[in-house]
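Structure first, commentary second.
The values are calculated or read from the model by the stated rules, or taken from the named source; none is laboratory data. Not measured: the values here are computed from a predicted model. Glycine also receives a Cβ, built like all others from the backbone with ideal geometry; neighbour counts cover every protein chain displayed.
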Amino acid sequence: MKNHTYYRMVEELLSRSIAQGTLPPGTQLMASPLAERLSVSRSPVTRALKALADRGVILEVPGQGYMVAGPGADRPVRRNLHDIDLTLGPDPDGRQAPVAPSWEPILDEVAAQVLNAIPFGTFMVSETVLGAHFGVSRTVVRDVLSRLHGQRMVRKDRQSHWITGPLSARRLADAHELRRQIEPLAVSCAIGQVPRADLAAMRERLRAALAGPAPLTQPQIDAFEADLHDTCVAAAPNRLLADTVRPLQLAHVVNRLFATYIGVHDAGAMLAEHRLVFDHMLIGDAGGAAAALRFHLDAEHDRARARLKVLSIFDAPEVAAYLSRIH
Amino acid sequence: MVDHPPLRVIGRSEFLPQTIRDRARAELPFPITFELSDSIEGLQRVVSRPASFDVYHQWHTVDLTWTARAIQPIALERIDGGAEILAAARARIGDTGVIDTVFDRLFVQPDGRLGSAPAPSIAMLPCMHGVDSFAFHEDLFTLIDRDEPHSWGWLFDPRWTGRAALLADPVLGMIEAALATEASERVSFADLGNLTIDEIDQVVDTLIRLKRRGHFRRSWRNYEEAAELMRRGVLVQSMFYPGFVRLQRGGMSVHMADPIEGMRGWHADVCVSAATGGRMLDAAYAYLNWWQNGWPMACLSRQGYYGTLPERVRPHMSAAEWAYWYGGAPACEVLPDPFGRPAVPAGHRRPGGSHRERMSRARVWNAFMDEHTYLMRRWQQFVAP
């Protein structure tokens, strides 16, 4: 993600609205009401207003924020922003707008960046750079980090720095040891919860892929992983069970990085192992599904461990600006 | 053959000295480019860009290159002496020690993994192996008794602080440092070739403590640098056998240790890129078979290495050379190094004895450990200025 994208998105929205007349000359613009109207935090709005003022599109009014420049703008006119069509759309890269001021969309992005970095070492997460990167307040940053802390993805060192990594072979093995106990249980509980037609469709996709000649792409592999390890696990009625499984799925991280650095390899073994789980789920055999999944997880762990070792000869890839290497 | 594209070969400088490169170019009917790489960059390229080379002289990296599918199976039926390799593999079933890991992950199993069960194709052509330890200068005997048993603990011994050195390579360096830590700190590690995070910490903490006291002169990257350090006054240090032969040739009074804790074993083999096909693959097989003819390994045996098929090597050595290098007998005359220059003095005897005796002293084999990422980071803390 490019730096400061959020404030640019706000800046572009306001700029466009002013050009189109949606925000006519004289309209008063203040950071807090605008942030509330756009459902984003104040800091990107403040930056966007400053940038628009620098460009002369809006004028600063001491003590009253800003007003839209143009003919007839001699004093700020207060208007109900909720009556005005102001919606942040997806950015040019197709990413969704930050619809909530919350930590939620940022959390996923930060979690993904952390996972991409930790196979290559230990990193410190900077609260300041993270806040500036997303244009969010320190409160939001701390929300994000405390949730990552809850998922055991970051920790605090003795100097109270946020630390992440390394994803060691031992960490991978520890996660696997737990996962092979819990995930088969989740999947066996999910039997009867996932509609039979959906299960049949997932199994059919596997059959077609196994019969097909072409090697799979990484997005296709991700989709097969999601069918079994997300959709079916999430269907387990015990929410705690499903939530516990997710942070343990470190093998997927290793496999995706391996695909990036080395290449996508024949996924035949993985597909066949998945299919066996669905075979058991379709006939309602919980014990069989659990056993088949455990077999798959063990095989996947062997593959991930070998792949992690290959990744270990590389230096860190380009990591996010808010991550800095410790060692 | 003028228009034949060159066969692109990657390997370490120790495995491909000038004599080998010249002779291969002269004897094979196609051009060859040799790229010597003594660092991790060579391996990074091999696993991430198989199309950039045809042949790779692997060295404790076959599981990485195989996992990355950077190399392709080699058909034994296309290898001169393929049957001898099969026979050697079968003969070692039930055997322990000796040339152990050379055959452990050699054969391509039906499920695509590597294993020891003989099969029609192999991941690498077994080529050479050896055991390494450390070297010490004759002057050491002014500080210790001549009959004190050699020990890896000498690398950390405070009696010669400032006059010790280690190699810079993290994979081998960590193994040697772990051997020295065991001997000097009175601890023992479950698997020296695959240390846990806690054990790595213990070894590196010991290294850093010694470094702060000024124990190590510096570290070296290849055998030339190792020999140079010894010439500059280092008393005890890690040593590759070719470096030792180089020092012998220079007339230095230097000894290769036969440590009571055993030695560090290694093997190096020839692999073919997964991306090589057509007439380049034919050329690759011709190159592999050239290594099977015995002459190249006779050449490298003169720097202390052993060929996987010694009987193919023997006709290319004199009786005196054979008795010294493989038989463990005292040199009955001055013996040459790989370049034909006189090196081994008459009367010298290899520490550890014959081929078989020395290989059975392998305590641990070179290996990328499971925790290599962690090992690398901690090792860098040690070697950083």
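Structure summary
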{"read-out": "Qualifying residue in region A:175-190 (condition: under 24 Å from A:H327 (Cα atoms) and either at pLDDT below 90 or within 14 Å of chain B (Cβ to nearest Cβ) (or both))", "value": "no"}
{"read-out": "Members of region B:193-215 that are more than 16 Å from B:M376 (Cα to Cα) and in contact with a Lys or Arg (Cβ under 9 Å, 6 or more places away or on another chain)", "value": "B:H215"}
{"read-out": "Cross-chain or 6+ apart pairs with Cβ under 9 Å, region B:356-385 first and touching a residue at least 40 places away in the same chain (Cβ under 8 Å), then hydroxyl-bearing (S, T, Y) and in a helix (DSSP H, G or I)", "value": "B:A362/B:T101; B:W365/B:T101; B:N366/B:T101; B:A367/B:T101"}
{"read-out": "Qualifying residues in region A:282-308 (those that are basic (K, R) and either more than 21 Å from B:H372 (Cα to Cα) or buried (at least 21 other Cβ atoms within 10 Å of the Cβ) (or both)) - the one farthest from the other protein chains (Cβ to nearest Cβ)", "value": "A:R294"}
{"read-out": "Answer residue from region B:284-336, given it is at pLDDT 95 or above and hydroxyl-bearing (S, T, Y) and is surrounded by the fewest Cβ atoms within 10 Å (Cβ to Cβ) among those", "value": "B:S318"}
{"read-out": "Entirely in region B:30-120, the helices (runs of 4 or more DSSP H) that have 3 or more residues that are over 26 Å from B:Q18 (Cα atoms)", "value": "B:62-67, B:82-91"}
{"read-out": "A:M124, sole failed condition from (1) under 28 Å from A:L38 (Cα atoms); (2) modelled with pLDDT of 90 or more; (3) not in a helix (DSSP H, G or I); (4) not polar (S, T, N, Q)", "value": "(1)"}
{"read-out": "Subset tally (residues that are in a helix (DSSP H, G or I) and buried (at least 24 other Cβ atoms within 10 Å of the Cβ)) for region B:208-241", "value": "3"}
{"read-out": "Complete set of residues in region B:193-225 that are within 14 Å of chain A (Cβ to nearest Cβ), out of contact with any strand residue (DSSP E or B) (no Cβ under 8 Å at 6 or more places or on another chain) and in contact (Cβ under 8 Å) with a residue 24 or more places away in the chain", "value": "B:N194, B:L195, B:T196, B:I197, B:I200, B:D201, B:V204, B:I208"}
{"read-out": "Residue in region A:254-270 that is within 10 Å of another protein chain (Cβ to nearest Cβ), touching a residue at least 24 places away in the same chain (Cβ under 8 Å) and of a type in the set (K, R) present", "value": "no"}
{"read-out": "Checking A:D279 against (1) in contact with a helix residue (DSSP H, G or I) (Cβ under 6 Å, 6 or more places away or on another chain); (2) more than 10 Å from chain B (Cβ to nearest Cβ); (3) of a type outside the set (F, W, Y), the condition it does not meet", "value": "(1)"}
{"read-out": "Odd one out for B:F368, checked against (1) buried (at least 17 other Cβ atoms within 10 Å of the Cβ); (2) within 14 Å of another protein chain (Cβ to nearest Cβ); (3) farther than 30 Å from B:R78 by Cβ", "value": "(3)"}
{"read-out": "Top-ranked residue of region A:144-172 - restricted to ones that are among the small types (G, A, S) and over 18 Å from A:F120 (Cβ atoms), ranked as nearest to the other protein chains (Cβ to nearest Cβ)", "value": "A:S160"}
{"read-out": "Residues (more than 14 Å from chain A (Cβ to nearest Cβ) and hydrophobic (A, V, I, L, M, F, W, C)) located in region B:12-56", "value": "B:F15, B:L16, B:I20, B:A24, B:A26, B:L28, B:F30, B:I32, B:F34, B:L36, B:F53, B:V55"}
{"read-out": "Some residue of region B:72-85 being over 17 Å from B:A284 (Cα atoms) and either in contact with a helix residue (DSSP H, G or I) (Cβ under 6 Å, 6 or more places away or on another chain) or within 14 Å of chain A (Cβ to nearest Cβ) (or both)", "value": "no"}
{"read-out": "Residues of region B:150-205 classified as in contact with a His (Cβ under 8 Å, 6 or more places away or on another chain) and of a type in the set (G, A, S), total", "value": "2"}
{"read-out": "Residue in region B:57-74 that is buried (at least 17 other Cβ atoms within 10 Å of the Cβ), charged (D, E, K, R) and in contact with a strand residue (DSSP E or B) (Cβ under 6 Å, 6 or more places away or on another chain) present", "value": "no"}
{"read-out": "Residues satisfying the stated conditions in region A:138-165, i.e. part of a strand (DSSP E or B) and out of contact with any Lys or Arg (no Cβ under 9 Å at 6 or more places or on another chain)", "value": "A:R155, A:K156"}
{"read-out": "Every pair of residues 6+ apart whose Cβ atoms lie under 8 Å, when the first sits in region A:288-306 and is in contact (Cβ under 8 Å) with a residue 12 or more places away in the chain and in a helix (DSSP H, G or I) while the second is charged (D, E, K, R) and surrounded by fewer than 18 Cβ atoms within 10 Å (Cβ to Cβ)", "value": "A:A292/A:D279"}
{"read-out": "Residue match in region B:277-287 (condition: farther than 30 Å from B:A83 by Cα, out of contact with any His (no Cβ under 7 Å at 6 or more places or on another chain) and not in a strand (DSSP E or B))", "value": "no"}
{"read-out": "Among the residues listed as B:G328, B:G347, the single one being away from every other protein chain (no Cβ under 14 Å), closer than 18 Å to B:A257 by Cβ and part of a loop (DSSP other than H, G, I, E, B)", "value": "B:G328"}
{"read-out": "Residue in region B:310-318 that is away from chain A (no Cβ under 14 Å), assigned to a loop (DSSP other than H, G, I, E, B), more than 20 Å from the chain's Cα centre (by Cα) and touching a residue at least 60 places away in the same chain (Cβ under 8 Å) present", "value": "no"}
{"read-out": "Residue that is surrounded by the fewest Cβ atoms within 10 Å (Cβ to Cβ) [pool: residues in region A:117-149 that are of a type in the set (V, I, T) and farther than 30 Å from B:H372 by Cβ]", "value": "A:T128"}
{"read-out": "Filter result (under 12 Å from B:A178 (Cα atoms) and polar (S, T, N, Q)) within region B:189-219", "value": "B:N194, B:T196, B:Q202, B:T206"}
